[in-house]
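Below is one structure, written out as structure tokens; the observations come after it.
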Amino acid sequence: MNDGRIATRYAKALFLLTEREHCSSQVYQECLKLLPVVQHAGAAFAKVLGFAPVSVAQRVDVLDEVVKPISSYLYKLAVFMVEQGRGSYVPRAIEVYAALYRQHAGIVYVELVSAAELTGEQKHTIEGYLSQAGITSVPVYRTNQELLGGFQLIVDGRRLDKSLKGELVRLHSLSGC
């Protein structure tokens, strides 16, 4: 069984539970808070949760610090997965839960990564454009100074790169250097 199926199975179970308890929207919002933290930690987070020499208690300690302050449901899911020997799939299960909720609620995933923090007015303008385009979304905003300037817009997995770093990479590839 591949990791996509494993993570999906756990995420679907959590989604069904949260739907039955009428809190799937709340857990989705918690996913939006947790995903940047998990993605920032990257593969190291999944590796620690699935690393056999690290005791289950130590892995749960990591979850106590990272997941528990944000979401009790996601925390319980993550602890259960760690106890079942599936800890390395926790980050993917959280991503799948968010995708399941968006699909269920008809929400389009929109993420805007900018080189500098956006002002409230800029965010309001972006959300206005999305609304005018008929896109139901709660945009995720992140900053990444490595972009040097500009932004990257991700809409349902499609990326528009209008960053200075992206332009430099494209110029470099065209020059053949």
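Just add up the charged neighbours of Arg59: K/R +1, D/E -1, any other residue whose Cβ is under 12 Å from the Cβ of Arg59. Local charge sum for Arg59: -2. Heavy atoms of the protein chains alone define the surface here; on that basis region 72-177 has 61 Å² accessible area per residue at 1.4 Å probe size.
Go ahead and estimate [θ] at 222 nm for the chain from helices alone: -39,500 (n - 2.57) per DSSP H run with n ≥ 4, summed, over the residue count, rounded to 500. Calculated mean residue ellipticity at 222 nm is -19500 deg cm²/dmol. Near Thr143, the amide H atoms lying under 5 Å from its own belong to Ser114; only residues 5 or more places off or on other chains count, and H is placed 1.01 Å from N.
Legend: calculated FRET efficiency, Gln84 to Arg20, from the Cβ-Cβ distance at R0 = 30 Å, rounded to 0.05, equals 0.90. Here the label points at Tyr129 and Asp64, each 7 Å from Cα along the C-beta direction, are separated by 4.5 nm in the simple model. Summing +1 for each Lys or Arg and -1 for each Asp or Glu among the other residues whose beta-carbon sits under 11 angstrom from that of Leu100 gives 0. Averaging the sequence gap over all C-alpha pairs within less than 8 Å and six or more residues apart, then dividing by the number of residues, gives region 1-97 a relative contact order of 45 percent. Count Lys and Arg as plus one, Asp and Glu as minus one, and take only other residues whose Cβ is under 14 Å from that of Leu148; the net charge is then 0. Among the listed values (i) 23, 21, 17; (ii) 31, 22, 15; (iii) 24, 18, 16, the one matching semi-axes √(5λ) of the Cα gyration tensor in Å as calculated from this structure is (ii). Here region 1-125 exposes an accessible surface that is 53 percent carbon and sulfur, computed with a 1.4 Å probe and the other protein chains kept in place. Counted over the chain, the DSSP beta bridges are approximately 75% antiparallel.
Short-range pairs are left out: with C-alpha atoms under 8 Å and at least six residues apart, the relative contact order of region 89-177 is 31 percent.
The values are calculated or read from the model by the stated rules, or taken from the named source; none is laboratory data. This is a predicted model, so every value here is computed, not measured. Neighbour counts run over all protein chains shown; Cβ positions are idealised from the backbone, glycine included. What goes into the accessible areas is simple: the full protein's heavy atoms, side chains included, and nothing from ligands, DNA or RNA. Shrake-Rupley method; radii C 1.70, N 1.55, O 1.52, S 1.80 Å.
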